[in-house]
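Structure first, commentary second.
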Amino acid sequence: MAVEKQERTNLVATVRILYICTANQCRSPFAEATLQREAGGRPLEVSSAGLMSGSREVRPHGIAVGRERGLDLSAHRSRQVTEVDIDRFDLILTMERRHSREIVAEHPELAARVFTVKQFDRWATDHRRPRRAALRPWLELHGSRRPVQELLGDSEKDTVADPYNSAAPAWRQMADLFDAHAVRLIAWLEGC
């Protein structure tokens, strides 16, 4: 009988993270699978959704690149964010500012917990969460202090490129970004 390796963790309660992209067919499922792989035995619940209607499969290049990274995306079927109880997530990470704007327009009470992946990675560098502080109330306090300009306008620096119609190298570039993001996010959650 295989025993799952339990990671030592500073997390005292389950942290729920939701990734959102346009169709939940490329970026957000890849980010979800990558963070799940890196989570080990930590109490993380990771999910993904899209702004468009669901039931789409991950593109063939995405499945192949996922396999290279130890991720099985073959069974993934996209789902629309309206199928998700979005309020239950402690942190909502999008792939573009327009995704964040759409979520916040529909759910303004979530604004402090909604970031693009790249925004959050930068923001978290300057905002260390105390060990064992509950994530949601801490984010609702500190995330609400961000300038509203972070949601306005488009910014390429905050966009994770969509590899939808691209060859494997574009998928690998995206996968590299999510590998680094997952490591940073887990370290930040652990208070390291």
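Values quoted throughout were computed directly from the atomic coordinates according to the rules given, and no laboratory measurement underlies them. Everything numeric in this text was worked out from a predicted model, so none of it was measured. Here the Cβ positions follow ideal geometry from the backbone for every residue, glycine too, while neighbour counts run over all protein chains shown.
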key: Principal axis dimensions, the stretch 119-165 - Cα atoms, whole angstrom, descending   = 42, 23, 17
request  = Determine, from the Cβ-Cβ distance of residue 140 and residue 179 and an R0 of 25 Å, the FRET efficiency 1/(1 + (r/R0)^6), rounded to the nearest 0.05.
outcome  = 0.30
Cα-based convex hull volume of the stretch 34-191 per residue, rounded to whole Å³ = 121
message = For 78, 166, which order do you get if you count the other beta carbons within 10 Å of each Cβ and list the fewest first?
response = 166, 78
request  = Would you mind checking which residues have amide H under 5 Å from residue 80's amide H? H placed 1.01 Å from N; only 5 or more apart, or other chain.
outcome  = 50, 54
ask   = Given DSSP loops and a limit of at most 16 other Cβ atoms within 10 Å, what is the longest stretch of the chain that contains no such trypsin sites (Lys or Arg not before Pro)?
value = 9-127
